[in-house]
Amino acid sequence: MEAEVAIVGAGAAGGILALELARRGIRVVVLESGPRHDFARRPEYVRRYVRGESPWATPLPGLDRYTVGGPVPYQLGGRRARGVGGSTLHWEGHALRLHANDFRLKSLYGIADDWPISYQDLDGYYAEAERMLGVAGVADEPWAAPRSAPFPLPPFSFSYSDGLFTRACQPLGIALHHLPQARNSVAYAGRPQCRACGTCQVCPTGAKASVDLTHVPQAEATGYAQVVTEATVLRLELDRSGGVSAAVYAKPDKVQHRLNARVFVLAGGAVENARLLLLSASREFPGGLANRSGLVGKFFMSHPSIDLTGRARENVYPYRIGFSTAMSRQFAIERDRATHGAFLLEFLNSAGPTPERIAGASGQWGEALRTRVREEFGHWLGIRVYAEQLPDRINTISLNANVRDYFGSPAPHIHYIVGKYERKALDDAKEVAQKILMAMGLTDVRSTGLSFAAHQIGTHRMGTDPGTSVVDVALKAHDVPNLYLVGSGCFVTASASPPTLTIAALAVRAAEHIAARLRPASRGDSTAHPAA
Amino acid sequence: MTLTRRSLILGVAAALGFNPSGVLRSPGGRAHAAATASAQLAAEPAAAALSRSQLEDLVAFAEVLVGDGPLSPVEREYLVDHIERRTTQGGGYYLELYRTTAGLLDSLAGARFSSLDLAQRGALITRHRLFSSAVRPEENLGPFPKKAREVRTRAVPDLIGGYYASPAGWAVVGYGAFPGKCGDLARYTSPER
Ligand SMILES: Cc1cc2nc3c(=O)[nH]c(=O)nc-3n(C[C@H](O)[C@H](O)[C@H](O)COP(=O)(O)OP(=O)(O)OC[C@H]3O[C@@H](n4cnc5c(N)ncnc54)[C@H](O)[C@@H]3O)c2cc1C
Ligand code: SF4
């Protein structure tokens, strides 16, 4: 099989890139390890999801095997998905731009590193990503970096409990604002308005944007993109000139195939991109493909997270919408980040036990049980905190040769710590959140243990110096002329905000570079933009 | 004649004098019907993992555990749905557990448990503490201690959980729409009416 561009992975980055290239008339083949999930099956998936099953679970046994080490086990289970759509199949759809300051930690605060690009460089790409995904929001965040285009969709209204939070936060000098959503507040781009089904990790209506709906079919419709499903890339092979010549992939029957192309793009997520590079070690690259810097797999980051909850006397009506509508980025921006780590606050629309949980814990039966459920339900409010994690070389994705996946490849091994900087940020965040909950008169205020967002970041960082980074500003590997690495693996720092809108913006930008390289004469588009 | 699961439920409901087309009751609006679960049905269910009488026993047991009166046909359907799903997806574990449960209930009742009226079932469950999933170490578990322990620690929380996770459980707290059931987008912005 041959293509102009071979893309590994049909998730956020790969799906977007496929459309951006195909609409320019570039022949793309996407190799996707997971299946194509038929949208018609979503109602059944929802039923499974509410029963606690994951409909996105990988069907091939052992394919998602991984091991953890280090003092804090970062678990990947449930924190990524394989299939056309990738992890956007079950993402929450919170679609935030990074702040301008997030790109300049070194210059502004003397910590970590600066990105080699600025917020201004990405602004237009952010706008394009927001347009394609259909982001609902309003520019009411006092700290937001300036935007050149408004949100394409109006915001979701604040919830009833957001109103309670707002009243408590105002006297404390804390401002709430809308949380930008990649979901339809009104019908948009052929997808319906959100219908409050409350299972956003499996959206039955398609109101939540996921690239299996927003990008991949549109790419295929151009006639220039082909998606091969259940095709897991095992390694990349080099030609004599030092470029990648083929992606070797296998279907579930384990028979190996080759895909040749002029340009190769890894879009498998931060963990799998690093792993695939390490699995592609060769004579030229004994430490892993594109790894002359020795930094492939290094500087792995996520967002350490905790929830704080408290009990209200009155009913606060949780579980009526599947996502949060209010947040505050005040503490992610307005601080001296040299000493005070950034964190953001997400005001939860669903906290506390469900009727099932109350019933299970009550020890009651009959009429007393029914009364208990009725009285106990609906009294909990919660705030979720996400903290910025600084890049630390010790946080690493490597290969574990003792543990093999379905295809016999070494599994990824995650070594992970959460440092003092992040722990202090979480302590600060706890204090702020507790203050808010206490101001609301809540009792039984408590915090969960340390957890992590389903955001995997770092592992092939971007930079101008091949000695200290893996990819350049166009996301091309420094060491390999026709290899691009996209996704949050190329982030230099993590910010406190979720990564996917930035992944999308960077994918749009990388597509522009690849297209210019393959079609130097005509830099423009050859087909109209599908969502235009 | 082959019956579907739905016709089984409606059959039970009709035999109990309920209106089978009745939708989920509101939390306040309880159905008051003669309370015997001993419906005689025309045929065996299509999915014969559990016998009809075992299924009826389980529903009759759950009916006492989860509420304060007879369940509506729709609520029964949720319970049957839960039991069926467990038996088809639980790898044999739940099938065994449910059979044990029905067997114990029949033994303790000296008759088909589901033939007892609600008050009689309640009295039996109270007498044998079959409502409580917590078993004290020194507790006398009656004539069938192993089975009683199994039923109390496994079947009781399972049946209660199955009911309260269903739309019936959400209806108890006044929710007609809840995670998994779409509704009105504006609803989340104000208190529940
Ligand atoms: C539950 C959950 C909630 C989330 N919520 C949010 C949120 O609200 N906001 C936000 O910004 N982010 C969120 N995220 C994160 C977001 O989903 C990811 O950041 C984003 O999808 C990453 O994009 P990606 O293209 O790099 O990887 P993915 O979307 O994960 O796609 C990678 C694809 O590559 C495929 N692949 C991997 N290896 C191979 C191989 N060897 N061969 C072939 N194919 C391969 C995989 O099967 C997968 O389909 C959430 C994630 C989860 C799991
Ligand atoms: S609330 Fe429902 S319709 Fe809206 S995005 Fe979530 S799952 Fe989809």
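The values are calculated or read from the model by the stated rules, or taken from the named source; none is laboratory data. Since the structure is predicted, the reported quantities are computational estimates derived from the model, not experimental observations. Please note: Cβ atoms are built from the backbone with ideal geometry, for glycine as well, and neighbour counts cover all protein chains shown. Please note that ligands, DNA and RNA were not included when accessible areas were found on the heavy atoms of the full protein model with its side chains. Shrake-Rupley method; radii C 1.70, N 1.55, O 1.52, S 1.80 Å.
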Check: Got a sec? Which of A:V271, A:V228, A:V263, A:V244 is within 11 Å of ligand 1 (Cβ to nearest atom), β-branched (V, I, T) and buried (at least 19 other Cβ atoms within 10 Å of the Cβ)?
Finding: A:V271
Checklist line | Selected residue [under 30 Å from A:A81 (Cα atoms) and over 22 Å from the mean Cα position of the chain (by Cα)] from A:S451, A:S447 | finding: A:S447
Next item on the list: Sort out which residues of the stretch A:416-451 are assigned to a strand (DSSP E or B) and open to solvent by 60 Å² or more (accessible area, probe 1.4 Å), and write them in order of number.
Entry: A:T443, A:D444, A:R446
Item checked: Residue list for the stretch A:453-470, restricted to those being open to solvent by 10 Å² or more (accessible area, probe 1.4 Å), under 15 Å from A:P391 (Cβ atoms) and among the β-branched types (V, I, T) -> A:T468
Checklist line | Complete set of residues in the stretch A:361-389 that are surrounded by 18 or more Cβ atoms within 10 Å (Cβ to Cβ), touching a helix residue (DSSP H, G or I) at 6+ places or on another chain (Cβ under 7 Å), under 26 Å from A:M438 (Cα atoms) and at the interface with another protein chain (Cβ under 7 Å from one of its Cβ atoms) | finding: A:V373, A:F377
Note to self: Going residue by residue through the stretch A:107-121, is there one that turns out to be within 14 Å of another protein chain (Cβ to nearest Cβ), farther than 20 Å from A:F331 by Cβ and open to solvent by less than 30 Å² (accessible area, probe 1.4 Å)?
What the structure shows: no
Checklist line | Complete set of residues in the stretch A:326-360 that are surrounded by fewer than 23 Cβ atoms within 10 Å (Cβ to Cβ) and polar (S, T, N, Q) | finding: A:Q330, A:T339, A:S350, A:T354
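Across the stretch A:342-360, what is the total count of residues that are without any contact (Cβ under 8 Å) to a residue 12 or more places away in the chain and within 8 Å of chain B (Cβ to nearest Cβ)?
Of the residues in the stretch A:342-360, 2 are without any contact (Cβ under 8 Å) to a residue 12 or more places away in the chain and within 8 Å of chain B (Cβ to nearest Cβ).
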Check: Going by the structure shown, is A:R292 touching a Phe, Trp or Tyr at 6+ places or on another chain (Cβ under 7 Å), away from ligand 1 (no atom under 11 Å from the Cβ) and assigned to a loop (DSSP other than H, G, I, E, B)?
Finding: no
Notebook entry, point to check: Got a sec? Which strands (runs of 3 or more DSSP E) wholly within the stretch A:1-86 have at least 1 residues that are more than 8 Å from ligand 1 (Cβ to nearest atom) and of a type outside the set (A, V, I, L, M, F, W, C)?
Noted result: A:2-8, A:67-69
Next item on the list: From the list B:F113, B:F131, B:F144, pick out the single residue that is in contact (Cβ under 8 Å) with a residue 12 or more places away in the chain and under 30 Å from A:R47 (Cα atoms).
Entry: B:F131
Next item on the list: Can you tell me which residue among A:P520, A:P530, A:P481 is at pLDDT 95 or above and in a loop (DSSP other than H, G, I, E, B)?
Entry: A:P481
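Working carefully through the options B:T189, B:T101, find the one that is within 14 Å of another protein chain (Cβ to nearest Cβ) and of a type in the set (S, T, N, Q).
B:T189
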Check: Taking the stretch A:83-106, which residues are open to solvent by 30 Å² or more (accessible area, probe 1.4 Å) and at pLDDT below 95?
Finding: none
Next item on the list: From A:R80, A:R48, A:R23, grab the single residue that is closer than 25 Å to A:I7 by Cβ and either within 14 Å of chain B (Cβ to nearest Cβ) or open to solvent by less than 30 Å² (accessible area, probe 1.4 Å) (or both).
Entry: A:R23
Next item on the list: Residue by residue through the stretch A:159-201, note down the ones that are within 14 Å of another protein chain (Cβ to nearest Cβ) and in a helix (DSSP H, G or I).
Entry: A:Y160, A:S161, A:D162, A:G163, A:L164, A:F165, A:T166, A:C200, A:Q201
Next item on the list: Quick one: which residue in A:G70, A:G86 is in contact with an Asp or Glu (Cβ under 9 Å, 6 or more places away or on another chain) and away from ligand 2 (no atom under 16 Å from the Cβ)?
Entry: A:G86
Item checked: Index of the failed condition, A:P192 passing every other in (1) within 15 Å of ligand 2 (Cβ to nearest atom); (2) in contact with a Cys (Cβ under 8 Å, 6 or more places away or on another chain) -> (2)
Notebook entry, point to check: How many residues does the stretch B:140-152 hold that are open to solvent by less than 50 Å² (accessible area, probe 1.4 Å) and either at the interface with chain A (Cβ under 7 Å from one of its Cβ atoms) or not in a loop (DSSP other than H, G, I, E, B) (or both)?
Noted result: 3
Next item on the list: Could you pull out the residue among B:G162, B:G176, B:G183 that is under 25 Å from A:V186 (Cβ atoms) and more than 7 Å from chain A (Cβ to nearest Cβ)?
Entry: B:G176
Next item on the list: Kindly list the number of the only condition in (1) modelled with pLDDT of 95 or more; (2) open to solvent by 40 Å² or more (accessible area, probe 1.4 Å); (3) not in a helix (DSSP H, G or I); (4) not hydrophobic (A, V, I, L, M, F, W, C) that fails for B:P179.
Entry: (2)
Check: Filtering the stretch A:265-274 down to residues that are under 27 Å from A:I26 (Cβ atoms) and part of a helix (DSSP H, G or I), which residue is farthest from the chain's Cα centre (by Cα)?
Finding: A:A274
Margin query: So for the stretch B:157-172 (the condition being over 22 Å from A:R357 (Cα atoms) and in a helix (DSSP H, G or I)), does at least one residue qualify?
Written below: no
Item checked: Answer from B:R127, B:R85, B:R136, B:R112 - the residue that is basic (K, R) and surrounded by 16 or more Cβ atoms within 10 Å (Cβ to Cβ) -> B:R112
